[in-house]
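A.B. asks: To start, I am sharing the structure in question, which I have written as structure tokens.
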Amino acid sequence: MSHNIPDRVKRRVEDILSRYPRREAALLPVLSALQEERGFLSHSDEEWAADTLGIPPAKVREVVTFYSLFRRKPAGRHHLQVCTNVSCALNGADGLLSHLRKKLGIAEGETSADGRFSLSSVECLGHCDEAPCLMVNDEHYGRLDRRALDELLEKLE
Amino acid sequence: MVSLVINGQRISAAPGTTILEAAREAGIEIPHLCYHPAFPPVGTCRLCAVEIEGLPKLEPACSTNVKEGMVVRTESPRVVEARRNVLELLLAEHAMDCPICDKAGECRLQDTYQAYSLAPGVYAEDKTRRGKKIALGGGLLLDRERCVLCTRCVRFLESVTKTSELGVFERGDRSEIGCVEGRLVDNNYSGCLAEICPVGAITDSDFRFKTRAWFLEARETICPLCGRGCAVFLESHPGFPRVPGTAKAYRVRSRRDERVNGHWICNVGRYGYGYLEKSRCRELAGPLAKTLNLKAATDVVAPLAAELRALKYKGRQTRVAVVLSDWLTNEELFLAGAVFRRDLEIGRCHLVGPRDGSPDGMLLTAERSPNRAGAKALGFNTEETTLEALARDTDLLIVFGPFLQDRFRPADIASAWAGVKTKVLFTPRDEGLGAAFDLVVPTVWPAEKDGSFTNCQGLIRSFSPALAPPPSAVPEWRLLTALGRAVGLNPSFYIPFRSAGDVRRAMP
Ligand code: SF4
Ligand code: FES
């Protein structure tokens, strides 16, 4: 399989590897670095990571599919990741999610036709004190209701 | 040693033993799914939970070690209740298509449900539909609706074959077993997966839908397909309608033997059982059978003995050549040595077995015979011979086994041996070789007889018949005993041999 990994990423990965006692321990940061490049992890990225770290490809796939922060297909410019775990669920996460579904016309796992938004439901984001909450790409937003959500969407181009 | 009490029974176990293993040793079986004795416990299925006096919660027996003075209950009302609850959760997302599942009848989940629950499902929600026929490679199919996510398959590929083709993808209730695109399960031990999957999630297309587990009769034998000689079960059933003596082999399963193969067998041994039936030699054949009016395999003994004796008396035993094989048992090779070498003083006794293959670095050896070590120990020459050497100045040629054909073409054999007056073949298989012989006598495969093999580690292990041979086929040890007696040079030596076991006891 020919991997199309830019030198810039390769250098970053070398740098990451130098900080870990064992290569396989660097799997998460290496996957993050790869994802940053294209916005998602392709099969070829996974294979390259497996090869570089000396891990079987199936083990890399386990990690990629376990964490919702890794994506296996391209996402829109703004990836809305709504927490549906206990605290958020108790504070109306389901309502927020269905509001988004209706408003954007997409279901979880989908991207709007204009490429602006992707929607996912995710497990606990570690901000239960601000439930219900979501993440847009790497930014966190808490204490949301429909109005706050609408305002937030306005600002996202 | 640690002493503890399980179900009121005082037990002692080595420190570091788990409760599940200690109980098992004492004959107390604790239901379990994810635990497998070949791997360290992972404690994921919770089916093995037991009550330990003094501890507030139930503990998994598979991953809790015994302690001095422990009092364990494995069948108390609390344990049984917990077991029912675990079963309910396991079955909440289980396909329950047992009537069409290959594993039914030998399924851990089904057995445990029948023994402890038999409760109807309590969930109103529909079960999630998942892939039911996912090709995993190696002829294995995965049914994700049946999978209980015990990860036995994943751990097998991780720690035994070290190929790690399978993984648990996604998480939570979306978790599923899978492999990466273009990287299917591909190793010489893949067949073990269908065996260790405790439910019918991984099935084997070699066995799929062919029969039901409860029709099968599993008998112990030794795999003859390489020098390792793995312990196996050969499973057969006589089909419908049941006709005695026509049992057909349906499956080969591994049998635990820590000295040899542990829990595993390779795919060559597992899927190779087709040789049992292929081109099977079922009846006495050849022109000489007609001329001498021979009917049964044993009728051959008297004329052959007469011929051998006559040659010996004339001092012409140099005009006899014998071909043996390393598929013969120790007992048979010992008898062949006694009749041909000791009594008749025939110098030309060669060994011809199947061609070597490549070893796989685990169990499979290069030699594809079960008893090369035994043949060597009994002093047989295992070096290659030629057709010409066997034919040179030969009046009588006696061949045991079908393996000449692995090395020479039948046409070449026929032309090289055209000048040999009498040629006799004893074989369970005839793929055209028999045409070069005057007499073809049906014999049996190792799985159908008594005997012992010496494996590549030098271990001598005996076995008894796992399958009935065709009615007219006779085991070689029986023919050789009869021959030794009929030749008459040392008859009393052969008289006590009524079974292969008798021969074994007479061996040095
Ligand atoms: S496929 Fe079978 S062995 Fe593998 S996790 Fe599922 S139930 Fe366990
Ligand atoms: S066998 Fe103990 S938890 Fe599965």
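The values are calculated or read from the model by the stated rules, or taken from the named source; none is laboratory data. No experiment lies behind these values; they were computed from the predicted model shown. Counting neighbours? That spans all protein chains shown, and the Cβs are built from the backbone with ideal geometry, glycine included.
A.B. asks: Might you check whether a residue that is closer than 15 Å to B:Arg152 by Cα, crowded, with 17+ Cβ neighbours inside 10 Å and touching a Ser or Thr at 6+ places or on another chain (Cβ under 7 Å) occurs anywhere in the stretch B:49-62?
C.D. replies: Yes, there is a match, as at least one residue in the stretch B:49-62 is closer than 15 Å to B:Arg152 by Cα, crowded, with 17+ Cβ neighbours inside 10 Å and touching a Ser or Thr at 6+ places or on another chain (Cβ under 7 Å).
A.B. asks: Tell me, which residue of the stretch B:27-40 that is free of Cβ contacts under 8 Å to residues at least 40 places away in the same chain and either among the hydroxyl-bearing types (Ser, Thr, Tyr) or more than 20 Å from B:Tyr116 (Cβ to Cβ) (or both) is nearest to ligand 2 (Cβ to nearest atom)?
C.D. replies: We begin by selecting, within the stretch B:27-40, every residue free of Cβ contacts under 8 Å to residues at least 40 places away in the same chain; these are B:27, B:29, B:35, B:40.
If we keep only those that are either among the hydroxyl-bearing types (Ser, Thr, Tyr) or more than 20 Å from B:Tyr116 (Cβ to Cβ) (or both) too, we end up with B:35, B:40.
Numbers: B:Tyr35: 4, B:Pro40: 12 Å.
My answer is B:Tyr35.
A.B. asks: Which members of the stretch B:490-501 meet the condition of being surrounded by fewer than 17 Cβ atoms within 10 Å (Cβ to Cβ) and either closer than 18 Å to B:Pro303 by Cα or not small (Gly, Ala, Ser) (or both)?
C.D. replies: B:Asn490, B:Pro491, B:Ile495, B:Pro496, B:Arg498 - these are the residues of the stretch B:490-501 that are surrounded by fewer than 17 Cβ atoms within 10 Å (Cβ to Cβ) and either closer than 18 Å to B:Pro303 by Cα or not small (Gly, Ala, Ser) (or both).
A.B. asks: Which residue, of B:Gly401, B:Gly374, is surrounded by 14 or more Cβ atoms within 10 Å (Cβ to Cβ), small (Gly, Ala, Ser) and within 24 Å of B:Glu277 (Cβ to Cβ)?
C.D. replies: Result: B:Gly401 is the single residue among B:Gly401, B:Gly374 that is surrounded by 14 or more Cβ atoms within 10 Å (Cβ to Cβ), small (Gly, Ala, Ser) and within 24 Å of B:Glu277 (Cβ to Cβ).
A.B. asks: Since B:Met1 meets every condition but one in (1) more than 9 Å from ligand 2 (Cβ to nearest atom); (2) at pLDDT 95 or above, which condition does it not meet?
C.D. replies: (2)
A.B. asks: Still on this structure, please answer the following. Just checking, does the stretch A:18-25 include any residue being within 14 Å of chain B (Cβ to nearest Cβ), closer than 19 Å to B:Glu158 by Cα and in contact (Cβ under 8 Å) with a residue 24 or more places away in the chain?
C.D. replies: Checked the stretch A:18-25: at least one residue is within 14 Å of chain B (Cβ to nearest Cβ), closer than 19 Å to B:Glu158 by Cα and in contact (Cβ under 8 Å) with a residue 24 or more places away in the chain.
A.B. asks: Tally the residues that are under 15 Å from the mean Cα position of the chain (by Cα), among the hydroxyl-bearing types (Ser, Thr, Tyr), part of a helix (DSSP H, G or I) and within 13 Å of chain B (Cβ to nearest Cβ), restricting the search to the stretch A:27-86.
C.D. replies: Looking only at that region, the number is 1.
A.B. asks: Considering only the stretch B:313-370, state which residues are charged (D, E, K, R) and either under 32 Å from the mean Cα position of the chain (by Cα) or under 25 Å from B:Ala231 (Cβ atoms) (or both).
C.D. replies: Selection gives B:Asp326, B:Glu331, B:Glu332, B:Arg355, B:Asp356, B:Asp360, B:Glu367, B:Arg368.
A.B. asks: To continue, here is another question. Modelled with pLDDT of 95 or more, touching a Pro at 6+ places or on another chain (Cβ under 7 Å), away from ligand 1 (no atom under 16 Å from the Cβ) and part of a loop (DSSP other than H, G, I, E, B), is that true of B:Arg228?
C.D. replies: It is false that B:Arg228 is modelled with pLDDT of 95 or more, touching a Pro at 6+ places or on another chain (Cβ under 7 Å), away from ligand 1 (no atom under 16 Å from the Cβ) and part of a loop (DSSP other than H, G, I, E, B).
Condition check ((1) in contact (Cβ under 8 Å) with a residue 12 or more places away in the chain; (2) of a type in the set (Val, Ile, Thr); (3) outside the structural domain of B:Val424 (by TED's automatic domain parsing)) across all residues:
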{"position": "B:Ala218", "(1), (2), (3)": "yes, no, yes"}
{"position": "B:Pro224", "(1), (2), (3)": "yes, no, yes"}
{"position": "B:Lys248", "(1), (2), (3)": "yes, no, yes"}
{"position": "B:Arg253", "(1), (2), (3)": "yes, no, yes"}
{"position": "B:Glu258", "(1), (2), (3)": "no, no, yes"}
{"position": "B:Ile265", "(1), (2), (3)": "yes, yes, yes"}
{"position": "B:Cys281", "(1), (2), (3)": "yes, no, yes"}
{"position": "B:Asn293", "(1), (2), (3)": "no, no, no"}
{"position": "B:Leu304", "(1), (2), (3)": "yes, no, no"}
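A.B. asks: Right, another one. For the stretch A:126-137, check the following and say yes or no: at least one residue is out of contact with any helix residue (DSSP H, G or I) (no Cβ under 6 Å at 6 or more places or on another chain), surrounded by fewer than 15 Cβ atoms within 10 Å (Cβ to Cβ) and hydrophobic (A, V, I, L, M, F, W, C).
C.D. replies: Checked against the condition, which is being out of contact with any helix residue (DSSP H, G or I) (no Cβ under 6 Å at 6 or more places or on another chain), surrounded by fewer than 15 Cβ atoms within 10 Å (Cβ to Cβ) and hydrophobic (A, V, I, L, M, F, W, C), the stretch A:126-137 yields no hits at all.
A.B. asks: Any idea which of A:Glu123, A:Glu130, A:Glu151 is closer than 21 Å to A:Tyr67 by Cα and not assigned by TED's automatic domain parsing to the domain that holds A:Gln35?
C.D. replies: Being closer than 21 Å to A:Tyr67 by Cα and not assigned by TED's automatic domain parsing to the domain that holds A:Gln35 holds for just one of A:Glu123, A:Glu130, A:Glu151, which is A:Glu123.
A.B. asks: Answer yes or no as to whether B:Gly54 is more than 14 Å from every other protein chain (Cβ to nearest Cβ) and either within 16 Å of ligand 1 (Cβ to nearest atom) or within 34 Å of the chain's Cα centre (by Cα) (or both).
C.D. replies: Taking the combined requirement at face value, the residue does not satisfy it.
Residues are listed down the side, and each one gets a yes or a no for (1) away from ligand 2 (no atom under 13 Å from the Cβ); (2) out of contact with any Asp or Glu (no Cβ under 6 Å at 6 or more places or on another chain):
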site: B:Gly43; (1), (2): no, yes
site: B:Leu55; (1), (2): yes, yes
site: B:Arg78; (1), (2): yes, no
site: B:Ile100; (1), (2): yes, yes
site: B:Glu106; (1), (2): yes, yes
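A.B. asks: Only one of B:Gly200, B:Gly178, B:Gly167, B:Gly191 is buried (at least 20 other Cβ atoms within 10 Å of the Cβ), out of contact with any Pro (no Cβ under 9 Å at 6 or more places or on another chain) and facing chain A (nearest Cβ under 8 Å). Can you tell me which? Spell out the reasoning first.
C.D. replies: Values: B:Gly200 fails: facing chain A (nearest Cβ under 8 Å); B:Gly167 fails: out of contact with any Pro (no Cβ under 9 Å at 6 or more places or on another chain); B:Gly191 fails: facing chain A (nearest Cβ under 8 Å).
Being buried (at least 20 other Cβ atoms within 10 Å of the Cβ), out of contact with any Pro (no Cβ under 9 Å at 6 or more places or on another chain) and facing chain A (nearest Cβ under 8 Å) holds for just one of B:Gly200, B:Gly178, B:Gly167, B:Gly191, which is B:Gly178.
A.B. asks: Hey, which of the strands (runs of 3 or more DSSP E) in the stretch B:125-208, taking only ones fully inside, have at least 3 residues that are farther than 16 Å from B:Ile265 by Cα and free of Cβ contacts under 8 Å to residues at least 40 places away in the same chain?
C.D. replies: Numbers: elements: B:134-137, B:140-142, B:166-169, B:176-179, B:202-204.
Correct list: B:166-169.
A.B. asks: Next up: Go through the stretch A:128-151 and give me each residue that's among the small types (Gly, Ala, Ser) and either under 19 Å from A:Val86 (Cα atoms) or in a strand (DSSP E or B) (or both). Lay out the reasoning, then the answer.
C.D. replies: Initially, the stretch A:128-151 is screened for residues among the small types (Gly, Ala, Ser), giving A:131, A:142, A:148.
Within the stretch A:128-151, A:Ala131, A:Gly142 qualify.
A.B. asks: Got a number for residues in the stretch B:121-157 being more than 21 Å from B:Tyr189 (Cβ to Cβ), of a type in the set (A, V, I, L, M, F, W, C) and within 30 Å of the chain's Cα centre (by Cα)?
C.D. replies: Qualifying residue count for the region: 2.
A.B. asks: Going through A:Leu125, A:Leu100, A:Leu119 one at a time, which residue ends up being part of a helix (DSSP H, G or I) and of a type in the set (A, V, I, L, M)?
C.D. replies: Residue meeting the stated conditions: A:Leu100.
A.B. asks: Here is a list: B:Val42, B:Val80, B:Val86. Which entry is surrounded by fewer than 18 Cβ atoms within 10 Å (Cβ to Cβ), outside the structural domain of B:Glu195 (by TED's automatic domain parsing), closer than 30 Å to B:Glu125 by Cβ and within 16 Å of ligand 1 (Cβ to nearest atom)?
C.D. replies: B:Val42
A.B. asks: List the number of the failed condition for B:Arg129; all other conditions in (1) in contact with an Asp or Glu (Cβ under 9 Å, 6 or more places away or on another chain); (2) within 15 Å of ligand 1 (Cβ to nearest atom) hold.
C.D. replies: Among (1) in contact with an Asp or Glu (Cβ under 9 Å, 6 or more places away or on another chain); (2) within 15 Å of ligand 1 (Cβ to nearest atom), the lone unmet condition for B:Arg129 is (2).
A.B. asks: What number of residues in the stretch B:438-473 are among the β-branched types (Val, Ile, Thr) and touching a Phe, Trp or Tyr at 6+ places or on another chain (Cβ under 9 Å)? Give the steps one after another, and end with the answer.
C.D. replies: Of the stretch B:438-473, the ones among the β-branched types (Val, Ile, Thr) are B:440-441, B:443-444, B:454, B:460.
Filter once more, keeping what is touching a Phe, Trp or Tyr at 6+ places or on another chain (Cβ under 9 Å): B:440-441, B:443, B:460.
Result for the stretch B:438-473: 4.
A.B. asks: Could you please give the count of residues in the stretch B:334-384 that are in contact with a helix residue (DSSP H, G or I) (Cβ under 8 Å, 6 or more places away or on another chain) and closer than 21 Å to B:Leu304 by Cβ?
C.D. replies: Total meeting the criteria: 16.
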